[in-house]
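Report on the following structure.
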């Protein structure tokens, strides 16, 4: 029996840990640092921060950890995979050099250009004045992006010139560099593949809901909910993405010496001129993971270790139902989320994120607090089940969207 360590603390990591525990090969799953909501699933918490590499490596040795799965982007960008691999640890995730596909948007966009991966026209700037002139020459709306990691909230769609100054200053103040992009109109979807074997392994298509308010309105968040599969993203569209997006990306990784065993998450936009890449991520999406991994019917541990060994894994997914997850957030999110709110007793189909414990109750300690996931033969039924459950709970102080899945309803 094997011990697994998941690094991270959110609902994505909760879903990862719960999925590993379904494997007959896995005895214990630890999560560092985790959150107290995970305990209900049998996950053991480790009081080590995700950026304490030395302590994590020591813990791996002490507990005879057979596999480390890195959940969030920050430790990947800081080189945790390189650090652990140098110490003989079996770890799933990209090396620091490949993690730049997410941590450095300028690098990622230039990688797309070099390898003929379709994406929006862009330019990067470190000075406000030149960025302003470039932006003013584009038609509105346009997109302003912070160059570094921003927790899913470093993108602003600017619809008129009066918003430009503050958007550019905000992005430059964060990282010293700003990307100005042409706006892509179309349908967004999340394409995730597992890398490591001879060919990338496609996960089911999912769709995230980034905006805080119903109908995709308001500021960006880390994600307010997701559903999978996505009926209007057909098999023909996925095949087009395989040929025009995934294949040149994988070829580029090989050519540039950036191959790895880990996740490649491609944010895609289906436009009238074909599929274009919005961005790369090098880890599983959140909240998409919470609706994807429960669909897996084969052994997750075996699949991940096969990928690390360079082999093609067996990954089987259910095909009968829709999975839908709604994120419950603290009031004031994403700007100033209220902390310390007591959570009611919640059902088992919950993946916890921003929570702490006072010894008796779970309390809110972040923006996104938990995701509640349901499944049903139709998307409408899955949405109705989620909303009915949330309606019954004492969540009057919290906030959530009731329209997750609306694009296919």
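The values are calculated or read from the model by the stated rules, or taken from the named source; none is laboratory data. Keep in mind it's a predicted model, so treat the numbers as computed, not measured. Heads up, the Cβs are rebuilt from the backbone with ideal geometry, glycines too, and the neighbour counts pull from every protein chain shown.
Residue 130 meets the conditions (1) farther than 27 Å from residue 291 by Cβ; (2) touching a strand residue (DSSP E or B) at 6+ places or on another chain (Cβ under 8 Å) in every case but one. The failed one is (2).
Being modelled with pLDDT of 90 or more and over 20 Å from residue 409 (Cβ atoms), is that true of even one residue in segment 203-215? Walk me through how you get there before you give the answer.
Just the residues of segment 203-215 that are modelled with pLDDT of 90 or more, to begin with: 203-215.
Restricting the remaining residues to those that are over 20 Å from residue 409 (Cβ atoms) gives 203.
Looking for residues that are modelled with pLDDT of 90 or more and over 20 Å from residue 409 (Cβ atoms), one finds at least one in segment 203-215, hence yes.
Working only within segment 1-23, note down all residues that are surrounded by fewer than 19 Cβ atoms within 10 Å (Cβ to Cβ) and either closer than 17 Å to residue 55 by Cβ or without any contact (Cβ under 8 Å) to a residue 24 or more places away in the chain (or both). Listed by number, the residues that qualify are 3, 21. Listed by first and then second residue, the pairs with beta-carbon distance under 7 Å, at least 6 apart or on different chains, first residue in segment 90-119 and in contact (Cβ under 8 Å) with a residue 24 or more places away in the chain and on the phi > 0 side of the Ramachandran plot, second part of a helix (DSSP H, G or I) and surrounded by fewer than 23 Cβ atoms within 10 Å (Cβ to Cβ), are 116/248. Considering only segment 74-91, I want to know if a residue exists there that is closer than 26 Å to residue 342 by Cβ and not assigned by TED's automatic domain parsing to the domain that holds residue 284. No, there is no match, as no residue in segment 74-91 is closer than 26 Å to residue 342 by Cβ and not assigned by TED's automatic domain parsing to the domain that holds residue 284. Here the strands (runs of 3 or more DSSP E) wholly within segment 157-236 that include at least 2 residues being in contact with a helix residue (DSSP H, G or I) (Cβ under 7 Å, 6 or more places away or on another chain) are 178-182, 187-195, 225-228.
Outside any strand (DSSP E or B), touching a residue at least 12 places away in the same chain (Cβ under 8 Å), surrounded by fewer than 20 Cβ atoms within 10 Å (Cβ to Cβ) and on the phi > 0 side of the Ramachandran plot: does that describe residue 332? Criteria not met by residue 332.
So which of 284, 258 ends up being assigned to a loop (DSSP other than H, G, I, E, B), touching a residue at least 12 places away in the same chain (Cβ under 8 Å) and buried (at least 23 other Cβ atoms within 10 Å of the Cβ)?
Residue meeting the stated conditions: 284.
When residue 361 is tested against (1) touching a strand residue (DSSP E or B) at 6+ places or on another chain (Cβ under 7 Å); (2) at pLDDT below 95; (3) surrounded by 15 or more Cβ atoms within 10 Å (Cβ to Cβ), just one condition goes unmet, and that condition is (3).
When only residues in segment 94-105 that are assigned to a helix (DSSP H, G or I) and under 17 Å from residue 79 (Cβ atoms) count, which is nearest to the chain's Cα centre (by Cα)?
We begin by selecting, within segment 94-105, every residue assigned to a helix (DSSP H, G or I); these are 96-103, 105.
Okay, now just the ones that are also under 17 Å from residue 79 (Cβ atoms), so 96-103.
Details: 96: 18, 97: 19, 98: 17, 99: 14, 100: 16, 101: 14, 102: 11, 103: 13 Å.
Checking each candidate, the answer is 102.
Selection over segment 106-126 of residues that are touching a helix residue (DSSP H, G or I) at 6+ places or on another chain (Cβ under 8 Å) and assigned to a loop (DSSP other than H, G, I, E, B) gives a count of 5.
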